[in-house]
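Visitor: My questions will all concern the structure given below.
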Amino acid sequence: MNRRKVLVLGTGRSGIASAKQILAMGGEVIFFDANPKLDEKKILAQFKKKEEMKISKILKGKLFERDLLKIDAAVISPGIPLDEPYVLLLNAAKIPVIGEIELAYQSLKGKLCAVTGTNGKTTTVSLIGEILKSQYADTHVVGNIGNPFTAEALDTEEQSATVCEVSSFQLESIVDFRPHVSAITNITPDHLDRHKTMKNYIAIKESISINQTEEDSIVLNYMDPELRKFGKKRNLKPKVLWFSSEEEPKEGFFLRDDEFIYKSKDKEEKLFKTKDVQLLGKHNYENIMCSMAVALKMGVPMDKIIKVCKKFKPVEHRIEFVRERSGVRYYNDSKGTNVDAAIQALRAMPGPVLLIGGGYDKHVDFDAWVKEFKGRVKYLVLIGETRNQIAACAKKHGFHNLMFAEDMDEAVKDCAAYADPGDYVLLSPACASWGMFKDYEERGRVFKDCVKSL
């Protein structure tokens, strides 16, 4: 990007971080944001004076052909679909469009591992990050986890280790991105409003390995039918290492009864028991095994991996214990933004549940989630855009103990009023937060505040 004029699409966290990397590399930045009411002063306030001087324009509202004169490349934020008219305009003008993680990758030094999948990414990446820190003095935890890759790529050295959480939105715009170790936690329906079909969504997730070679590794979930099929393809170049919560693969990490086991070509090693870890539920045992597999391929000794896994605590907003009140335990699973994640959270609750669900419509059906309610959910409290759709689905499956709430405070108070000692109140919406909240983090914080103020 040295001495190049780069159009940065989007002015959120990712766009700002991308612009800072471009400026640090000696490039010139032009911003574009589709929001016509964008506050330019707020954007510029995030840059130092020297950086600000190299931001030549901030375009907003609509992009025109005349705006593309002398533009050498464009960097797109992951929240922007590739079929937006202004992205198509760039394509027609033959201006290269890359994503934020691709830009970061061009400056990266040291070892890189990357994790994608529908669910479990954040917990897995957080745990991998902690394991890597036990081995590498300079460890970077970046990506969709909330810390843009571009914010740290220029700080990496040859001895660095980086773990990157990669969403399907980010994978759409990779070019040369090549992790030494990649991982796919699982694939279930999500983001079909953007990716249109499951076939397309699966292909995008699997593209994390597209630039990997025989020298690299990929970690896959043996119990996921799509990934098992993918892992056995002849044209898949990286070496496959499996993890499994039920069946035992010939090589990899798996559970036998309540014990984590690693089996290589020449030996079988018993590691530790499920009671030794602080994460709850089978899906979290899968996250642990995926993390161990990635860390092992990144060169971390097994004794260090085991030590960190035993100490690791749940990440914020993922089946996070909030408080106990009057014998009722409250859990925040705001990160449960799709049906499969919400199912796993529900299964992790050891007693009757009062469930808060609903939110932004991502065009998925809720049947599989609702089928889990029987014998588990006492009351369902619904919020957000999808509440009527979920209510209709619940009634179709014979579940009628449901209520509507106008906001999170009302939802929490309804649950508290109907809960008995020994019950669990769980926020696990099975939907994105947009419309009511800025993101799932804000939704989780609001839930916790409401619970704490009861």
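The values are calculated or read from the model by the stated rules, or taken from the named source; none is laboratory data. What you are looking at is a predicted structure, and each value in this text was computed from that prediction instead of being measured. Here the Cβ positions follow ideal geometry from the backbone for every residue, glycine too, while neighbour counts run over all protein chains shown. Keep in mind that these areas ignore ligands, DNA and RNA; they rest on the heavy atoms of the full protein, side chains included. Shrake-Rupley method; radii C 1.70, N 1.55, O 1.52, S 1.80 Å.
Visitor: Among the residues of segment 64-77, which ones are at pLDDT 90 or above and under 30 Å from the mean Cα position of the chain (by Cα)?
Guide: ALA73, ALA74, VAL75, ILE76
Visitor: If you don't mind, there's one more thing I want to ask. Failed condition for ILE131, given (1) out of contact with any strand residue (DSSP E or B) (no Cβ under 7 Å at 6 or more places or on another chain); (2) within 26 Å of TYR440 (Cβ to Cβ); (3) surrounded by fewer than 22 Cβ atoms within 10 Å (Cβ to Cβ), with all others met?
Guide: With (1) out of contact with any strand residue (DSSP E or B) (no Cβ under 7 Å at 6 or more places or on another chain); (2) within 26 Å of TYR440 (Cβ to Cβ); (3) surrounded by fewer than 22 Cβ atoms within 10 Å (Cβ to Cβ) applied to ILE131, the lone miss is (3).
Visitor: Okay, moving on. Tell me, please, whether a residue that is closer than 14 Å to GLU102 by Cα, over 16 Å from the mean Cα position of the chain (by Cα) and among the small types (Gly, Ala, Ser) can be found in segment 213-220.
Guide: No; the residues of segment 213-220 include none that is closer than 14 Å to GLU102 by Cα, over 16 Å from the mean Cα position of the chain (by Cα) and among the small types (Gly, Ala, Ser).
Visitor: Something else: Going through segment 117-151 one residue at a time, which ones are modelled with pLDDT under 95 and part of a loop (DSSP other than H, G, I, E, B)?
Guide: GLY117, THR118, ASN119, GLY120, ASN144, ILE145, GLY146, PRO148
Visitor: I would also like to ask the following. Filter segment 63-79 for residues that are open to solvent by 20 Å² or more (accessible area, probe 1.4 Å) and under 28 Å from LEU171 (Cβ atoms) and give the result.
Guide: Passing the criteria: ASP67, ASP72, PRO78, GLY79.
Visitor: Could you count how many residues in segment 391-436 are part of a loop (DSSP other than H, G, I, E, B), open to solvent by less than 50 Å² (accessible area, probe 1.4 Å) and either among the hydroxyl-bearing types (Ser, Thr, Tyr) or under 12 Å from LYS378 (Cβ atoms) (or both)?
Guide: Looking only at that region, the number is 6.
Visitor: Taking the condition of being open to solvent by 10 Å² or more (accessible area, probe 1.4 Å) and small (Gly, Ala, Ser), how many residues in segment 268-300 meet it?
Guide: Summing the residues that are open to solvent by 10 Å² or more (accessible area, probe 1.4 Å) and small (Gly, Ala, Ser) in segment 268-300 gives 2.
Visitor: Quick one: count up the residues across segment 275-300 that are β-branched (Val, Ile, Thr) and in contact with a Lys or Arg (Cβ under 9 Å, 6 or more places away or on another chain).
Guide: Count: 1.
Visitor: Here's something else I'd like to know. Quick one: would you say LEU112 is open to solvent by less than 10 Å² (accessible area, probe 1.4 Å), under 30 Å from VAL300 (Cβ atoms) and not in a helix (DSSP H, G or I)?
Guide: Criteria met by LEU112.
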